[in-house]
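First up is the structure itself, then whatever we jot down about it.
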Amino acid sequence: MDRFNDLPTRTAKELRKLRMNLNNRIESFKKDDNAKELAKSHMLHGLNHKECVELLLKIKQVEKNLK
């Protein structure tokens, strides 16, 4: 998850896009624990369910601080 260390410097639009992708990915994990693997080029490639939830919480906190 090192690639997400720059969250506070990202724009609101980028954070929203990432949040939406995370919500969709978390729903995929809820439906099937062995959710389809993402392409290597996808921003969430390699993240498991727990990491997605943790990253979503971080994004929500950063978005809250932007307001």
Phi to ³J(HN,Hα) by Karplus 6.51 cos²θ - 1.76 cosθ + 1.60 over region 18-29, Hz, x for Gly, Pro
5, 4, 5, 4, 5, 4, 5, 5, 5, 4, 4, 5
Mean-square fluctuation maximum in Gaussian network of the chain, Cα pairs under 10 Å, restricted to 34, 21, 48, hits 34
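Counting Lys and Arg as +1 and Asp and Glu as -1, each charge on the Cβ, what is the dipole of region 2-66 about the Cα centre in debye, to the nearest 20? Kindly include the intermediate steps, with their values, before the conclusion.
Details: 15 positive and 10 negative charges, 55 e Å.
Roughly 260 debye for region 2-66.
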Once phi is turned into θ = phi - 60°, what whole-Hz ³J(HN,Hα) does the Karplus curve with 6.51, -1.76 and 1.60 give for every residue of region 60-67, x standing for Gly and Pro?
4, 5, 5, 4, 5, 6, 6, 6
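Report the GluC sites (Glu not before Pro) located in the chain that are in a DSSP loop and have at most 13 other Cβ atoms inside 10 Å of their Cβ, or state none.
Numbers: sites: 14, 27, 37, 51, 54, 63; in loops: 37.
Counting only loop positions with at most 13 other Cβ atoms within 10 Å, the GluC sites (Glu not before Pro) in the chain are 37.
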What percent of all Cα-Cα pairs in the chain falls into each 5 Å bin, going from 0 up to the bin containing the maximum distance?
3, 17, 30, 25, 15, 7, 3, 0
Proximal lysine pairs, the chain, alpha carbons under 16 Å, eight or more residues apart or interchain
13
Estimated vicinal HN-Hα couplings, Hz - region 32-38 in sequence order (Karplus 6.51, -1.76, 1.60; Gly, Pro = x):
8, 4, 9, 4, 3, 6, 7
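Each reported figure results from applying straightforward, stated rules to the coordinates on display, with no laboratory input. From a predicted model like this one, the values you see are computed outputs, not experimental measurements. Positions of Cβ are generated from backbone atoms using ideal geometry, with glycine treated the same way; all protein chains shown enter the neighbour counts.
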